[in-house]
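Worksheet: the structure to be examined is printed underneath.
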Amino acid sequence: MPGTAALVWLLVGSGLYAQPTATNGAAVHGGPPAPVFEEWTLLMMEHKPCGFGSTITTENDTPAGKQFHTVEVQEFVVTRNLDGQVFTLKITSTSKITEDADGGVLSFDQETSGAGSDVESTGMREGDDLVVTSRGQTQRYHIPRLSALGPEAIRQQSLLIPLKPGQPFTLNTFDSDYPQAPVVVKGTVTGQEILNVRGTERQLWRMTTEMSVMPGLVATQWVDDKSNDVESLVVMPGIGDLYEFVTNRAECMKQPEGAEIFASTLIHPDKAIPEPKKLAKAVYRVSCSDQTKTLELWNGEEQKTLTSSPGTSEVEVTTPAYTPADATWQLPHVDTPELHQFLQPTSYLEVNSHEIRKLAQEAVGDEKNPVKAAQLIETFVRAYIYKKDLNIGFASAEETAKSHEGDCTEHAVLCAAIGRAAGLPTRCVLGLGYIPPGVDEPAVSDQVDEDTGIFGFHMWAEAWIGPDQWVPMDAALDGFDVGHIAITKTALKEINPLVDLNAPILQLMQNLKIKVLKTVPKKGAASTPPSKPDTVINPEMETD
């Protein structure tokens with residue numbers, strides 16, 4: 001599953017849009033040009049500094065004409081206090097975007113690093129297409145030159161927004177986190193108000209904005225009479241309030257305290273589900289505090305939506321009981337158009353790498369039955385990742401193969417990649433996983449309710465064995481059971497899948513409640529003490 005740190009990190013970009021007055025671009029003593037724009041912002045949660053953002057734009061004259069080069073750096077720090085020991089996860093992203101005088105993006109380079117998971121993406125314009133490469137994978141996206149404008153053009157457009165109550169505006173922006181399509185920002189100038197900004201009362205203009213890639217997530221910005229940024233606020237459902245203040249470089253460079261957001265992502269059901277692995281079926285009522293919101297849960301295969309109304313859905317989860325006899329084909333599966341996306345290499349599933357192919361041979365060997373192969377892969381990955389912790393942001397399969405470390409996301413992507421390398425179509429599932437009371441799950445042992453247990457955001461994998469037949473592979477929680485509620489399923493085919501993964505999560509993170517309506521035991525199931533899972537669920541949700 002995507003982790004909370006990555007999820008929070010993506011939301012930082014939904015902060016400030018109007019920009020402060022630019023500096024002039026004159027060269028200093030014949031040296032490089034001074035920035036035409038520079039801004040530093042401090043990020044705060046729970047009244048604690050948890051990171052910073054900086055944007056620096058320079059202007060360059062080239063034989064092809066005037067160009068603007070913008071470097072955006074963002075850093076976010078999450079802390080986790082477990083049994084008196086503080087763990088820290090820091091994610092840093094550096095984006096370099098070059099645009100022409102009209103705002104058309106010519107190229108970009110993005111580097112993201114965080115606790116053992118590093119990724120670089122680059123993009124170059126070829127006519128009306130943007131060719132993007134990451135982790136050895138290349139994709140071509142049709143994005144006409146002026147359909148998604150670069151940061152300097154957006155800054156200039158922001159300065160032209162009339163500051164009057166009720167004024168709407170729309171900005172078609174380019175985001176290096178989501179290079180496959182324009183990110184549409186729609187907003188409204190709501191009016192003036194007196195705001196206490198870090199101890200000083202100021203009269204400011206208030207704006208609200210919403211991004212197309214994060215529907216329902218509304219950001220609020222405050223600017224002065226000259227459209228200079230002052231403050232922004234993003235209320236992150238189920239996590240907390242993320243503030244962003246314009247400040248100076250010196251304050252941003254101080255060591256951040258970090259934000260503790262772990263516990264708020266856990267969900268306590270109304271009652272315990274004892275021994276979920278001995279259940280054949282469970283029915284849940286999932287609801288949120290916003291009764292106008294439609295809850296988007298997966299509907300198909302082992303999970304069926306029984307009823308759905310604004311703010312509430314009832315789902316039935318069944319434990320699949322596939323046997324080797326259910327298989328109708330043998331490994332490796334031919335790469336057909338229908339299954340291509342579930343067999344191909346991606347930026348996070350490096351199917352053709354030497355490490356992954358070696359592990360596929362070790363895990364599957366000469367096994368040809370897809371059901372048996374899925375079971376072998378699940379068992380292999382459970383033992384292979386022996387460093388069970390939350391110290392990784394969102395690592396790829398190849399990174400995990402080298403590190404032997406991670407939480408549920410690393411288990412899921414490694415299962416999916418090994419399966420594809422063996423000729424087994426796979427996908428990943430993003431949802432909620434359950435830990436019963438009394439289970440000593442190391443990363444959340446201090447949070448498991450001894451009466452009800454807890455649900456946490458979770459990821460697992462699935463293998464295709466036939467039409468509408470997918471065998472679950474949960475190497476992180478010792479196998480699939482009815483304590484799994486699926487939100488979305490993905491082939492992880494995008495260059496940067498985190499935005500697409502985070503969007504459905506945001507729809508479910510605001511005061512989510514789960515009521516256990518019904519459980520049905522498997523035939524002949526005897527009562528035994530709950531077992532200890534071999535790894536950590538990632539209730540943090542990092543975030544195809």
*All other residues with a Cβ under 14 Å from the Cβ of Leu159 taken together, and with Lys, Arg as +1 and Asp, Glu as -1, what is their net charge?*
-3
*Greater than 28 Å apart at Cα, pairs in Lys368/Lys518; Lys493/Lys515; Lys493/Lys513; Lys358/Lys388; Lys304/Lys513*: Lys368/Lys518; Lys493/Lys515; Lys493/Lys513
*Which of the peptides 250-260, 322-332 is most tightly packed, and how do the rest follow, going by the mean number of other Cβ atoms within 10 Å of each residue?*
250-260, 322-332
*Any idea how far the Cα center of region 205-242 sits from the one of region 255-328, in Å?*
30 Å
*Per Stokes-Einstein, at 10 °C and 1.306 mPa s, what whole-number D in µm² s⁻¹ belongs to region 99-159, with the Kirkwood radius over Cα pairs as the hydrodynamic radius?*
125 µm²/s
_Restricting to DSSP loop positions (anything but H, G, I, E, B) with no more than 16 other Cβ atoms inside 10 Å of their own Cβ, which GluC sites (Glu not before Pro) remain in region 274-350?_
Glu296, Glu301, Glu338
*Local electrostatic count at Arg357 - Lys and Arg +1, Asp and Glu -1, tallied over other residues with Cβ under 12 Å*: -2
*When only the heavy atoms of the protein chains count and the probe is 1.4 Å, how do Tyr284, Tyr141 rank by accessible area, highest first?*
Tyr141, Tyr284
*asked:* I want the local charge near Gly104. Using Cβ-Cβ distances under 13 Å, sum +1 for each Lys or Arg and -1 for each Asp or Glu among the other residues.
replied: -4
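The values are calculated or read from the model by the stated rules, or taken from the named source; none is laboratory data. Bear in mind the structure is a predicted one, so any value in this text is a computation, not a measurement. For neighbour counting, all protein chains shown are included, and Cβ atoms are generated from backbone atoms with ideal geometry for every residue, glycine included. The protein model used for the area step is the full one, side chains on, heavy atoms only, and it has no ligands, DNA or RNA in it. Shrake-Rupley method; radii C 1.70, N 1.55, O 1.52, S 1.80 Å.
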